[in-house]
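What follows is a set of notes on a single structure, which appears directly below.
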Amino acid sequence: MSYEHQTGEIKKIQVGLLGFGGLGQAGARVLEPKREMNLVAIADRKGYAYNSEGLEESACIAAYNQQGSVGYLEPGGTLSTNSIGELIERSPVEGYFLALPNLPNTFMASVAQQFIDSGWQGVLVDALKRTSAVEQLLDLQDSLQAAGITYLTGCGATPGLLTAAAALAAQSYAEIHRVKITFGVGIANWAAYRATIREDIAHIPGYTVERAMAMSDAEVEALLEETDGKLALENMEHADDIMLELAGICARDRVTVGGVVDTRNPKKPLSTNVQITGRTFEGKISTHTFTLGDETSMAANVCGPAFGYLKAGINLHRRGIYGLLTAAEVMPLFVR
Ligand code: NAD
């Protein structure tokens with residue numbers, strides 16, 4: 001067996017980011033010190049940047065935050081209203097992290113279709129949240145496979161890290177009774193993660209994805225004002241359920257997801273955890289609990305796994321394994 005297979009080490013991977021808001025920028029910062037991945041391409045709504053030698057994260061963040069798009073980067077930036085399409089055509093990239101808003105709820109599946117239609121081959125990783133969004137990608141399973149694309153979905157924190165932890169913890173049991181995910185997110189300022197917050201608002205009773213998407217920033221602020229900046233969410237439509245069902249672990253109705261997001265304080269309002277309750281082969285009922293460290297941010301717990309799954313996806317792609325996989329089916333690899 002080669003050293004590469006024994007250690008999971010692979011040749012430096014040329015990677016790209018689609019979306020350069022809160023998670024996209026955090027992703028660039030996560031990648032900056034990595035030896036195994038080189039960030040060469042970034043797209044946002046108004047433009048894109050490409051440099052085969054690697055993009056400098058601080059210059060890209062400055063262009064985006066001061067001028068509104070990485071398309072203003074000098075050199076390497078291009079302004080475009082079709083940034084994803086042009087980047088796919090023009091830039092040799094092995095894998096992308098799709099740090100895009102899923103607004104409307106069909107957007108990510110439409111981006112996947114755009115990659116399929118372009119003839120591009122490589123690895124795509126998303127941090128999708130809704131069950132219905134993952135179902136749309138399942139419909140693309142055959143097309144992704146035929147196109148030579150390895151697509152890993154649900155690879156953020158929840159779904160993602162916590163779903164994978166549940167899949168691992170399930171191994172102690174003969175039968176899984178319940179998977180309960182409770183998250184606490186603290187961010188200093190909602191505007192740094194606009195899509196995340198709008199998509200969370202869409203889970204509040206009385207709201208829909210369409211309604212949350214149509215809200216102006218002032219309307220979001222007014223809503224947050226009523227709740228002292230906090231969003232309490234229960235029984236969310238979260239793809240952890242379908243991912244654990246597809247992995248054969250338990251029926252989706254045994255999985256629940258809820259939590260609290262504080263948009264005015266980077267301190268977590270509660271400790272993020274997943275509890276996995278089941279029956280062992282001896283007949284004992286027990287619960288495993290996996291709790292994230294309170295100091296770890298949402299960005300750390302989303303971007304770390306996303307790139308870990310991207311590395312795993314590259315290994316699969318290089319072995320000719322294509323199609324749709326979820327974070328509950330594949331073990332992420334650690335990116336050095
Ligand atoms: P954001 O609003 O901060 O940034 C979105 C970025 O996408 C912006 O740079 C914008 O310019 C870009 N964009 C929008 N439309 C585009 C288009 N058509 N072409 C190219 N770029 C486009 O978003 P965020 O808060 O970083 O969230 C990103 C996604 O991550 C959301 O869907 C959110 O739900 C998801 N998320 C998942 C988890 C998880 O644990 N699974 C956790 C947090 C966030």
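What to note about this one:
- Residue in segment 80-89 that is touching a Ser or Thr at 6+ places or on another chain (Cβ under 9 Å), within 24 Å of Ala300 (Cα to Cα), at pLDDT 95 or above and of a type in the set (D, E, K, R) present: no
- For Val179: the one exception among (1) under 17 Å from Gly156 (Cβ atoms); (2) assigned to a helix (DSSP H, G or I); (3) more than 15 Å from the ligand (Cβ to nearest atom): (2)
- For the criterion of being surrounded by fewer than 24 Cβ atoms within 10 Å (Cβ to Cβ) and touching a helix residue (DSSP H, G or I) at 6+ places or on another chain (Cβ under 8 Å), Ile88 fails.
- Hey, Thr150 within 14 Å of the ligand (Cβ to nearest atom) and either touching a residue at least 24 places away in the same chain (Cβ under 8 Å) or open to solvent by less than 20 Å² (accessible area, probe 1.4 Å) (or both) or not: no
- Hey, Ala218 within 13 Å of the ligand (Cβ to nearest atom), of a type in the set (Gly, Ala, Ser) and open to solvent by 20 Å² or more (accessible area, probe 1.4 Å) or not: no
- Every residue from segment 230-279 that is without any contact (Cβ under 8 Å) to a residue 24 or more places away in the chain and either outside any loop (DSSP other than H, G, I, E, B) or buried (at least 22 other Cβ atoms within 10 Å of the Cβ) (or both): Glu245, Asp253
- Residue identified as away from the ligand (no atom under 13 Å from the Cβ), in contact with a helix residue (DSSP H, G or I) (Cβ under 8 Å, 6 or more places away or on another chain) and over 28 Å from Leu316 (Cβ atoms) among Leu79, Leu73, Leu39, Leu55: Leu73
The values are calculated or read from the model by the stated rules, or taken from the named source; none is laboratory data. Computed from a predicted model, the values in this text were never measured in an experiment. Positions of Cβ are generated from backbone atoms using ideal geometry, with glycine treated the same way; all protein chains shown enter the neighbour counts. Keep in mind that these areas ignore ligands, DNA and RNA; they rest on the heavy atoms of the full protein, side chains included. Shrake-Rupley method; radii C 1.70, N 1.55, O 1.52, S 1.80 Å.
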